[in-house]
Amino acid sequence: MSTLSKSLIAVAASAVMAVSAQAQSLSGDLRIFLDTSNPAPRATMEEMIARFGEMHPDLNIETNVIDREAYKTQIRNFLTANAPDVATWYAGNRMLPFVEAGLFEDVSDLWDDEMSTNLASTKPSMTIDGAQWGVPYTYYQWGVYYREDIFNELGLEEPETWDEFLAIVDTLNENGVTPVTIGTKFLWTAGGWFDYLNLRTNGYEFHMDLTNGEIPWTDERVVATFENWRTLIDRDTFIDNHAAYSWQEALPFMVNGEAAMYLMGNFAVAPLREAGLSDDQLGFFQFPAIVDGIPMAEDAPTDTFHIPAQAQNKEAAREFLRFVATPENQTIINGGDALGQLPVHAEASVDDDKFLNEGFEMLSNAYALAQFFDRDAPAEVAAAAMEGFQQFMVQPDQLDNILERLERVRQRVHGG
Amino acid sequence: MSSPAPAVPDTHPPVANRRGSYWKRNQIALTPWLFLAPAVFMFALYVIWPIAQSFNLSLYRWDGLGEARFIGLQNYEELWYDDAFYTSLWNNVLWLVLYLLAIPAGLFIAIFLNQNVRGIRIYKSLFFFPFVISQVVVGLVFTWFYDPSFGLLNIVLGWFGLGPVAILADSNLATYGIIAAGLWPQTAYCMILYLTGLNAVDPEQIEAARLDGAKGWRMLWYVILPQLRPATFIAFVVTIIGALRSFDLVSIMTDGGPFGSTRVLAFYMFEVALSEYGFRMGYGAAIAVVLFLIMLVYITFFLVKMYRDERAG
């Protein structure tokens, strides 16, 4: 017997032992609460949990899928009373209140060298006070989705600089096409524009300091960001009456060809395709650079699994989080017929989809990843700021008032 | 049982029955309280106690999770400087005033429908219909109606060459748009109140007034309306309560926007205390206390009036 096959047998034997040891040790109940209430994510998660259940036949898994919006308020209740063993949530500042209140379990022990290397891109956003509080399972890119056919018709190309972008805005307007669609009724969409304008005007570190409350909103660098925004508003970049629409209600403008671009997360692709746009008609480009020399950072919101501090079966919960983080699993759940998003694990493979490939490439080369405005900034600041963004888009002359108001909120929240 | 029972029923109450138990002596005084007890208990538990709790909570800074920190009147101080609070307060006043239009509108429709025509019941039900459907549906229907790109309102305006108006996206118009939507079911409610009131109008008085030569406005003002006073009173009560409770339409139609211009106190309270980015329980409680005090003024007026009417009647 060659040494190779010997060592193979040894590896196989130890693997079998490890598996059987796990299978024996994991028993009892495992309660999992999910916010993945839309049909496709729901099926994906249930299938994933079923696969985990097959590996641990003695474990009695109970899954509870809660409507995504309702989940955001319910989580506060179920974490304090009747906590499950595993719960979904979001990375960044959105988990800070639960970490501070001692409701999330410190899972730094899961983040050994291997996991830290493979999930390096999101580790900072899972880290608070030097410890990790959960495990990411998916993320997705933000960027500009556009009508490739309209661009081709007008001889336009994907812009890389601010000037090119402004030129496109002008050309589209001259040809009777509104450059950008957006629906700001629920405010967060305007947060996307602020994120990108600020990331490109002042850079990632500044953006993070601002969302962490370390920089006054009246700072002139913030004003510079709004001046760039103002340039767009003065050029009639955005559709009229955007405050009346949700982000879905703003989609038809793009589908009908009345508007050509949409700054959105990758979740916008599915409804656009369902509305009848083919991949030839739909394109994607990275938000163009504004100030030369500022490294390109991107918004990439990360969805995560956490263990509540009051979980009953923490051993099984940890095993589940390990399972969620494996490259095989992340490949499966992020596939085009499942979540249709990007796996966080570096060794997982990306589904062969036009937008996922482009997004993956963009994020792999990104200088840094932000989570999105309402996940990076504390909730109170996020609410006030996004309202201010919406107001600014309608009444740009009110900028001074808006910034002063935001500064007051910042000082109250951060005890300035 | 030593004393013999009286042959005829003793209709005189025992004047000085010292041997009778406490219960026997005070039966008349205690019985109403016994009947009231369950209701008083529930009222105290679910109304009085939460009100006291809200007052207490408004003195704290609390996110619903961690330790509540006592901060005295700071929440109220912040309210004092909060633009959003004044916007909400002003909108509440707008709601209160404009919502009252439902009363004359309801009266008008009721008088219009109060005749014997073939199929009048169908017309009555059609007018009553908006009150039956959920406020959420009313909000959605009006949102579509106002929609700047495909809404019926703008299509009609287009016939007259008037440009599209985005009512719900315009911070100057949005509140009026929502109140108009709210008036639709509220008018139906007032109409039903008046229809029942009109049934009770004394035909002899009308006959008498007619003989005296009264008709039209004078008949309405001097003969009919005084007889409709109970209906008017109830319509007034439910309309004001409805105006102060306005929440669902704001939430459905604009979500408080654009940039907070359509908030009312109830909605603002929900927003800061319970919505996605809220969880400032103490601040929300402070808003609730202010709203409660406003309602208290009105409720006191209402109770005093009812008390007087009861005594007079």
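The values are calculated or read from the model by the stated rules, or taken from the named source; none is laboratory data. Source: prediction; values computed, not measured. Virtual Cβ from ideal backbone geometry, glycine too; neighbours counted across all protein chains shown. Note: accessible area is taken over every heavy atom of the protein model, side chains too, but ligands, DNA and RNA are not part of it. Shrake-Rupley method; radii C 1.70, N 1.55, O 1.52, S 1.80 Å.
For the residues A:Thr161, A:Thr127, the requirement of being without any contact (Cβ under 8 Å) to a residue 12 or more places away in the chain, surrounded by fewer than 18 Cβ atoms within 10 Å (Cβ to Cβ) and among the hydroxyl-bearing types (Ser, Thr, Tyr) singles out A:Thr127. Of the residues A:Gln395, A:Gln390, the single one that is surrounded by fewer than 19 Cβ atoms within 10 Å (Cβ to Cβ), over 20 Å from the mean Cα position of the chain (by Cα) and within 9 Å of chain B (Cβ to nearest Cβ) is A:Gln395. Would segment A:258-272 turn up any residue that is open to solvent by less than 50 Å² (accessible area, probe 1.4 Å), within 14 Å of chain B (Cβ to nearest Cβ) and either at pLDDT below 95 or over 30 Å from A:Thr127 (Cβ atoms) (or both)? Taking every residue of segment A:258-272 in turn, at least one turns out to be open to solvent by less than 50 Å² (accessible area, probe 1.4 Å), within 14 Å of chain B (Cβ to nearest Cβ) and either at pLDDT below 95 or over 30 Å from A:Thr127 (Cβ atoms) (or both).
Would it be correct to say that A:Leu119 is in the same structural domain as A:Lys314 (by TED's automatic domain parsing) and open to solvent by less than 20 Å² (accessible area, probe 1.4 Å)? Yes, satisfied. Consider segment B:80-104 and keep the residues that are open to solvent by 40 Å² or more (accessible area, probe 1.4 Å), of a type outside the set (Val, Ile, Thr) and within 23 Å of the chain's Cα centre (by Cα). The one that is farthest from B:Thr232 (Cα to Cα) is B:Tyr86. When residues in segment A:103-119 are screened for being within 14 Å of chain B (Cβ to nearest Cβ) and over 22 Å from the mean Cα position of the chain (by Cα), 1 of them pass.
Summed over segment A:65-85, residues that are in contact (Cβ under 8 Å) with a residue 24 or more places away in the chain and either loosely packed, with under 12 Cβ neighbours inside 10 Å or small (Gly, Ala, Ser) (or both) total 2. Residues that are over 19 Å from B:Glu77 (Cα atoms), in contact with a helix residue (DSSP H, G or I) (Cβ under 7 Å, 6 or more places away or on another chain) and surrounded by fewer than 24 Cβ atoms within 10 Å (Cβ to Cβ) were ranked within segment B:267-293; the one that is nearest to the other protein chains (Cβ to nearest Cβ) is B:Tyr277.
As a summary of the residue check, A:Tyr146 satisfies the conditions (1) open to solvent by 20 Å² or more (accessible area, probe 1.4 Å); (2) at pLDDT 90 or above except for the one numbered (1).
Residue count for segment A:246-262 under the criterion of being under 23 Å from B:Leu168 (Cα atoms) and part of a strand (DSSP E or B): the result is 2.
Residue by residue, here is whether (1) free of Cβ contacts under 8 Å to residues at least 60 places away in the same chain; (2) of a type in the set (Gly, Ala, Ser); (3) assigned to a helix (DSSP H, G or I); (4) farther than 21 Å from B:Ala181 by Cβ holds:
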{"site": "B:Trp95", "(1), (2), (3), (4)": "no, no, yes, no"}
{"site": "B:Gly106", "(1), (2), (3), (4)": "no, yes, yes, no"}
{"site": "B:Ile111", "(1), (2), (3), (4)": "no, no, yes, yes"}
{"site": "B:Phe131", "(1), (2), (3), (4)": "no, no, yes, no"}
{"site": "B:Val137", "(1), (2), (3), (4)": "yes, no, yes, no"}
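Say whether the condition of being under 20 Å from B:Ile192 (Cα atoms) and assigned to a loop (DSSP other than H, G, I, E, B) is met by at least one residue in segment B:247-262. There is no residue in segment B:247-262 that is under 20 Å from B:Ile192 (Cα atoms) and assigned to a loop (DSSP other than H, G, I, E, B).
Scanning segment B:116-133 for residues that are open to solvent by less than 60 Å² (accessible area, probe 1.4 Å) and either under 23 Å from the mean Cα position of the chain (by Cα) or within 12 Å of chain A (Cβ to nearest Cβ) (or both) yields a total of 3. Scanning segment A:175-191 for residues that are surrounded by fewer than 23 Cβ atoms within 10 Å (Cβ to Cβ) and away from chain B (no Cβ under 14 Å) yields A:Asn175, A:Gly176, A:Val177, A:Pro179.
Each residue in segment B:175-203 was checked for being over 21 Å from B:Leu113 (Cα atoms) and either of a type outside the set (A, V, I, L, M, F, W, C) or open to solvent by less than 10 Å² (accessible area, probe 1.4 Å) (or both), and 7 pass.
What about B:Leu162, is it open to solvent by 40 Å² or more (accessible area, probe 1.4 Å) and either touching a residue at least 12 places away in the same chain (Cβ under 8 Å) or away from chain A (no Cβ under 12 Å) (or both)? Working first, answer last.
Working: open to solvent by 40 Å² or more (accessible area, probe 1.4 Å): yes; either touching a residue at least 12 places away in the same chain (Cβ under 8 Å) or away from chain A (no Cβ under 12 Å) (or both): yes.
Judged against the criteria, B:Leu162 is a match.
Is it true that some residue in segment A:360-378 is touching a residue at least 24 places away in the same chain (Cβ under 8 Å), among the small types (Gly, Ala, Ser), within 14 Å of chain B (Cβ to nearest Cβ) and within 22 Å of B:Glu276 (Cα to Cα)? Yes, segment A:360-378 contains a residue that is touching a residue at least 24 places away in the same chain (Cβ under 8 Å), among the small types (Gly, Ala, Ser), within 14 Å of chain B (Cβ to nearest Cβ) and within 22 Å of B:Glu276 (Cα to Cα). Across segment A:244-253, which residue is farthest from the other protein chains (Cβ to nearest Cβ) among those that are over 23 Å from the mean Cα position of the chain (by Cα) and buried (at least 22 other Cβ atoms within 10 Å of the Cβ)? Per the stated criteria, the residue is A:Phe253. Across segment A:399-414, the number of residues qualifying as open to solvent by 10 Å² or more (accessible area, probe 1.4 Å) and facing chain B (nearest Cβ under 9 Å) comes to 4. The residue that is surrounded by the fewest Cβ atoms within 10 Å (Cβ to Cβ), counting only those in segment A:192-241 that are among the hydrophobic types (A, V, I, L, M, F, W, C) and not in a helix (DSSP H, G or I), is A:Ile215.
Taking each residue of segment B:31-53 that is within 27 Å of B:Val289 (Cα to Cα) and looking for partners that are open to solvent by 80 Å² or more (accessible area, probe 1.4 Å) with beta-carbon atoms closer than 9 Å, six or more apart or interchain, yields B:Val40/B:Trp33. The residue that is nearest to the other protein chains (Cβ to nearest Cβ), among those in segment A:54-102 that are within 27 Å of A:Gly213 (Cβ to Cβ) and aromatic (Phe, Trp, Tyr), is A:Phe98.
Evaluation of B:Val141 against the conditions (1) over 23 Å from B:Thr87 (Cβ atoms); (2) surrounded by 12 or more Cβ atoms within 10 Å (Cβ to Cβ); (3) at the interface with chain A (Cβ under 10 Å from one of its Cβ atoms); (4) of a type outside the set (Gly, Ala, Ser) shows that the sole unmet condition is (3). Considering segment B:66-85, and only residues there that are touching a residue at least 40 places away in the same chain (Cβ under 8 Å) and facing another protein chain (nearest Cβ under 10 Å), the residue that is nearest to B:Met269 (Cα to Cα) turns out to be B:Ala84. For A:Met45, the conditions (1) open to solvent by less than 40 Å² (accessible area, probe 1.4 Å); (2) within 14 Å of chain B (Cβ to nearest Cβ) all hold with the exception of (2).
Which condition does B:Tyr60 not pass, out of (1) within 14 Å of chain A (Cβ to nearest Cβ); (2) in contact with a Lys or Arg (Cβ under 8 Å, 6 or more places away or on another chain), if it passes all the others? The failed condition is (1).
Restricting segment B:144-159 to residues that are farther than 27 Å from A:Gly388 by Cβ and within 11 Å of chain A (Cβ to nearest Cβ), the residue that is surrounded by the most Cβ atoms within 10 Å (Cβ to Cβ) is B:Gly151.
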